[in-house]
Structure formats: C-alpha cells, structure tokens
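Please read the structure below before turning to the comments.
The values are calculated or read from the model by the stated rules, or taken from the named source; none is laboratory data. Just so it is clear, the model here is predicted, and its values are computed rather than measured. Because the Cβ atoms are built from the backbone with ideal geometry, glycine has one as well, and the counts that use them run over all protein chains shown.
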Number of protein chains: 2
Amino acid sequence: MTQHVFDQALALAPDDLAAGRFTGQTSAAYWNMVGPFGGTTAALVLQSVLLHPALLGAPIALTVNYAAAIEAGPFEIHAVPVRTNRSTQHWTIQITQMDAGGNPQINTTATVVTALRRSTWGATDAPMPKVPPPSDVAPYGRSPSGVAWFSQYDMRPVSGAIPGTWDGTGDHSETVVWLRDAQPRPLDFASLASMSDMFYPRVWLRRTTRVPAGTVSITTYFHADAAQLAQVGTGHLLGRAVGQQFRNGFFDQSAQLWSESGDLLATSNQIVYFKE
Amino acid sequence: MTQHVFDQALALAPDDLAAGRFTGQTSAAYWNMVGPFGGTTAALVLQSVLLHPALLGAPIALTVNYAAAIEAGPFEIHAVPVRTNRSTQHWTIQITQMDAGGNPQINTTATVVTALRRSTWGATDAPMPKVPPPSDVAPYGRSPSGVAWFSQYDMRPVSGAIPGTWDGTGDHSETVVWLRDAQPRPLDFASLASMSDMFYPRVWLRRTTRVPAGTVSITTYFHADAAQLAQVGTGHLLGRAVGQQFRNGFFDQSAQLWSESGDLLATSNQIVYFKE
C-alpha cells in the first residue's frame, strides 16, 4: 500500500533520537503560496514530540510561531522535553534550515504540553451547530484558493465559503465547513493539528477582498484522547472559524473542530498578519 | 511617590541586558494558592521582552506555559530574540530558579511575537456585551477566593460571579466582569497581559463545585497599540470568559477584554488542569 500523502509529508528521520533531532523534507503536495501549508508545519512540530522516546502522555496544547518562511527542501526539527512532571510534560521545539552560508536559521518556534489524562467529569459549553450532514453538502468544485494543499482535503462549506467574487460586500467572518482528508486517513493528533489551521484567512471573508495574509502564531488545545480520535476514523469533522478583531495589520481567528457525532475534539486560535 | 505594587512585582534587574538576562523576585502581594498569580508571571515574561534593547515594535502574541511551580524568592528570566524580520520579531523566554543543589530549573517557557504595526482597515466581530456601567455594578465585597492577588484588582461581576455557595447547581461557564487595578494604574501591555489571566477557573462556575485547578498554558493576542492603552488610562475594562470543553482533567477558557468605550483590546485563551 502506498503511504498516505500526509504521512509522506510527516516523515521524519532521526538524526539523534535520544536528543530529539530529526530531519524532514517539505512536501510539494501541501505547498501553500510561498511556503508549506502552516497546518503541516504544526503537525510536524507535534510529530517530533510524538516520536521522542521520552514522551509522557498525549498532546494537550500546541503553539507554533511561524517566524520566517520555510524554503522548499530539507529542514531540521529539534524537540526538547524541558520539564517532566508526574503527569504533565513541557516541550520546546524549533525548526531550522541552513542558509546560503551553511548556518542554521530558525524559521519556526513552538511549545507543546503533553499529559497523562485520567477520567473525570466533563461537559461541553460549545455545542456543535445544527447543520446538514456532510453527504448533503457539496464539496468545493475545485481548489478555489489555487494552492496545492487545499486539494489534499475534502472541504464542504456549510456557510462562509471562500467568496466566488471579491466585491467588497462582506459583513461577517464565520465559516462552518465539513472537512476530512481527501484521500481517507484515520484521524490522529497530527492530522487534527493540521486541520486546526485549514480555515482560510477570515479577512478575505469579512471584506470579500483578497489581501495578502499569513498566520503568525497558532495555538491548538486537544480535548480528545487517541481512542476518541480513532473512533472518528476517516469520518468528517465539522469546523467553525470566526474572527474577533481586525486592526492595524493583524486579526485573530478562533476555531472549533467537532466529530460528526458532536464531540468537541479541538479548539484553536491564531493571529494572522494582513496587508492594507 | 511610592511605586505601584504591580510595578514592584514587575521589577527586573538586568544581569546582562544585551543577552536578555534579568533577575526578579516573586511578589507576596500577588500570591495565589501555591505560587504567584499566573497573570504576573505572564506580565514578567512580557516585561523581559519590553526591556530588551533589541526589541522591535510592540506585543502581538504571548504564550506562557506554566511548567512547574515557582517558589517564593528570586528567579531569572532569559529573553532571546530568535528571529527578527523587517516588521516582526519572534522571542523565546524561560524563567528559572535554582534548586536545592544550586542547579537552574526551568519553571516557565514562553514565546512572544512583537511587530511594527501600520494603520489598516479594521473591524470587530466580537462587540462588547451591553451591560450596566462599572459605577452601577457592586465590587466583590471581600476576596472571595481567599488569595492575595485577588485584592489587587477592583472586580465588579456583572454575571457569573464566584459562587457564594458550592452546591453543584451550575449550568454555564460564562463570567462578565468589570475590572481594573484596585490601586489606580494606567493600562499598559504588562497589565493587560496580567488581566487576561484574572478569570477564576471556569470549572468552579460550571459545576458550582470548588475543585483544584491551575492554568497550564495561556495565549493572549494584543489588538491595541500603546496609544490605545494609554487612552484607557485607569478606566475599567470589561472582561468576558467562557469555557468551551471540559474533559478528562483539562478544560479551555476563552476570554475577551474590551475598553469601557467598547474597543476589543485583547483576546486570550488558556488550557487549565482540574482534578476529579
């Protein structure tokens, strides 16, 4: 069986496994405008932690800062468990590439928290919106954004689709969309991390105007364990994203991702640069 | 004039200013149950960046991971500008304390993004709730949480106050509260960072049950510049916080902070550990 394109993008070779040093290659299949899709970068950061032999528990929180463009080609990831407690573990992660002079340059900084979870009381205060099932919602007909990574996902916008015309009439910033890997792949933490970044820039919707925009920093909280993700399997997730504040070159977007059965699996926030 | 208690808590002495190495002291005035109030820790992280001679621009994003308890006494902060671009700058920060053997132990990891902002189009999609003005809302009569830091703030709960009785009848997790420093102090980035963490654990409200809980990681996005913060001066902010998902020992809480005139100054999210 051919390896899934996402697993190809996630492939990391250990340079020094005990030290958390890995080498990877950017993926053409997940290319964005001027660099890799940020979701795959977030997934790679998480993957370096998940592969580390000192790992305690499962992901709780992931923050990825996109410090500089990642060039097509090889990169190095270094994951360090800086503090291990009885039930939580704190990680710092950096991605570097060599510059023309052969010096490593940091292009991504990140922190991850992992934890051993135990069964407790639980509740949700963010119920899944009532929407038609994915089978009743039409997928995007083609990659409306014109970038490679978009085609790797099956996205079915319930509301707030990428505007068909850029006529400046926008009056809200909320998208609700069914989503999953275009080529079926069982959900795991890495793909959930990636999917948390798959909402197009809210400023495009809010203004119905396409301006240059790029994520500066994303933080994702994981509310599910591996068994819950495995239950989702290759099913759709329902994603919702909305902007809260747009001002002077930056805006935030806040997102939730539910399983089709209505479990809130992850919540995510990002701050995004925009021009003009 | 005596220095404000918050400025006392924020005081950092440069050990090596060019290298971003500072020493501080925990503040008894902002003590929480078993360590400093996390808001002051977040403010100290930000302060180390703001004091750094290489600083570019103003804060955009702040993530603080509470990796281990901070003991009463001295600590060291190390702020490193790992990547400086034309208009953005990426920082990593760590707080350490010496253990009994004289070895530095990391208790806090953090990342900060700063940026030069320019004037652009803007909008808000998270309008301030319509509530009575702060003069019409009664402050908490005493520190209902029994901890020192709480008394440093003037908090006037509009809804979702700390429960007076722990009777297990809770059915929502939303608090709306007017807040400012108890001893007047003009708003700045450090105090806004601190105030982003001043919402008591959502699980207490949701369950009307007081269980052990502590922030594991907080991320705050700054939507205002220094001039806007200065305009707020010593006025109240309106804060709103709500939980989205509670499950297996962790929950998130999502917060907004508006100026009294309705400008959304900051949005913040955190993931919190809870027991049982």
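Hey, can you tell me all the residues within the stretch A:117-146 that are aliphatic (A, V, I, L, M) and surrounded by fewer than 14 Cβ atoms within 10 Å (Cβ to Cβ)? A:A138 - this is the single residue of the stretch A:117-146 that is aliphatic (A, V, I, L, M) and surrounded by fewer than 14 Cβ atoms within 10 Å (Cβ to Cβ).
Condition check ((1) assigned to a strand (DSSP E or B); (2) modelled with pLDDT of 95 or more; (3) under 16 Å from the mean Cα position of the chain (by Cα)) across all residues:
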{"residue": "B:T165", "(1), (2), (3)": "no, no, no"}
{"residue": "B:S173", "(1), (2), (3)": "no, yes, no"}
{"residue": "B:W178", "(1), (2), (3)": "yes, yes, yes"}
{"residue": "B:S194", "(1), (2), (3)": "no, yes, yes"}
{"residue": "B:S217", "(1), (2), (3)": "yes, yes, yes"}
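Contact map, the stretch B:205-216: first residue within 11 Å of chain A (Cβ to nearest Cβ) and touching a residue at least 12 places away in the same chain (Cβ under 8 Å), second residue surrounded by fewer than 19 Cβ atoms within 10 Å (Cβ to Cβ) and not acidic (D, E), Cβ cut-off under 6 Å, separation 6 or more or different chains; pairs are B:L205/B:G170; B:R206/B:G170; B:R207/B:G170; B:T209/B:W166; B:T209/B:G168; B:V211/B:K275.
Selection of the stretch B:61-81 for residues being touching a residue at least 60 places away in the same chain (Cβ under 8 Å), of a type outside the set (A, V, I, L, M) and over 11 Å from B:N107 (Cβ atoms) yields B:T63, B:P81. When B:G235 is tested against the conditions (1) in contact (Cβ under 8 Å) with a residue 40 or more places away in the chain; (2) part of a helix (DSSP H, G or I), the lone failure is (2).
Could you list, in sequence order, the residues of the stretch A:159-185 that are among the β-branched types (V, I, T), more than 14 Å from every other protein chain (Cβ to nearest Cβ) and over 19 Å from A:M128 (Cβ atoms)? Hits for the stretch A:159-185 are A:I162, A:T165. Here the condition is being touching a helix residue (DSSP H, G or I) at 6+ places or on another chain (Cβ under 8 Å) and over 21 Å from A:I218 (Cα atoms); of A:G146, A:G168, it holds for A:G168 alone. Could you look through the stretch B:119-158, keep only residues that are in contact (Cβ under 8 Å) with a residue 12 or more places away in the chain and farther than 25 Å from B:R185 by Cα, and pick out the one that is farthest from the other protein chains (Cβ to nearest Cβ)? Going through the qualifying residues, I end up with B:P127. All of (1) more than 14 Å from chain A (Cβ to nearest Cβ); (2) out of contact with any Ser or Thr (no Cβ under 9 Å at 6 or more places or on another chain) hold for B:T84 with one exception: (1).
Conditions first: (1) away from every other protein chain (no Cβ under 12 Å); (2) under 25 Å from B:T92 (Cα atoms); (3) touching a residue at least 24 places away in the same chain (Cβ under 8 Å). A:I106 passes all but one, so which condition is the exception? Of the numbered conditions (1) away from every other protein chain (no Cβ under 12 Å); (2) under 25 Å from B:T92 (Cα atoms); (3) touching a residue at least 24 places away in the same chain (Cβ under 8 Å), the odd one out for A:I106 is (1).
Residue by residue, here is whether (1) touching a Gly at 6+ places or on another chain (Cβ under 6 Å); (2) assigned by TED's automatic domain parsing to the domain that holds B:H236; (3) at pLDDT 95 or above holds:
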residue	(1), (2), (3)
B:A123	no, no, yes
B:K130	no, no, yes
B:P134	no, no, yes
B:V147	no, yes, no
B:V158	no, yes, yes
B:I162	no, yes, no
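Taking the stretch B:246-273 as the search range and keeping residues that are within 17 Å of B:P212 (Cα to Cα) and at the interface with chain A (Cβ under 7 Å from one of its Cβ atoms), which one is nearest to the chain's Cα centre (by Cα)? Checking each candidate, the answer is B:I271. Residue check: A:M195 meets all listed conditions (1) under 20 Å from A:V112 (Cβ atoms); (2) of a type in the set (A, V, I, L, M); (3) without any contact (Cβ under 8 Å) to a residue 60 or more places away in the chain; (4) more than 10 Å from chain B (Cβ to nearest Cβ) but one, namely (3). Can you confirm whether A:V113 is closer than 30 Å to B:H172 by Cβ and away from chain B (no Cβ under 11 Å)? Against the criterion (closer than 30 Å to B:H172 by Cβ and away from chain B (no Cβ under 11 Å)), A:V113 does not qualify. Scanning the stretch A:217-245 for residues that are closer than 22 Å to B:G243 by Cβ and more than 8 Å from chain B (Cβ to nearest Cβ) gives A:I218, A:T220, A:F222, A:Q228, A:L229, A:L237, A:L238, A:G239, A:R240, A:A241.
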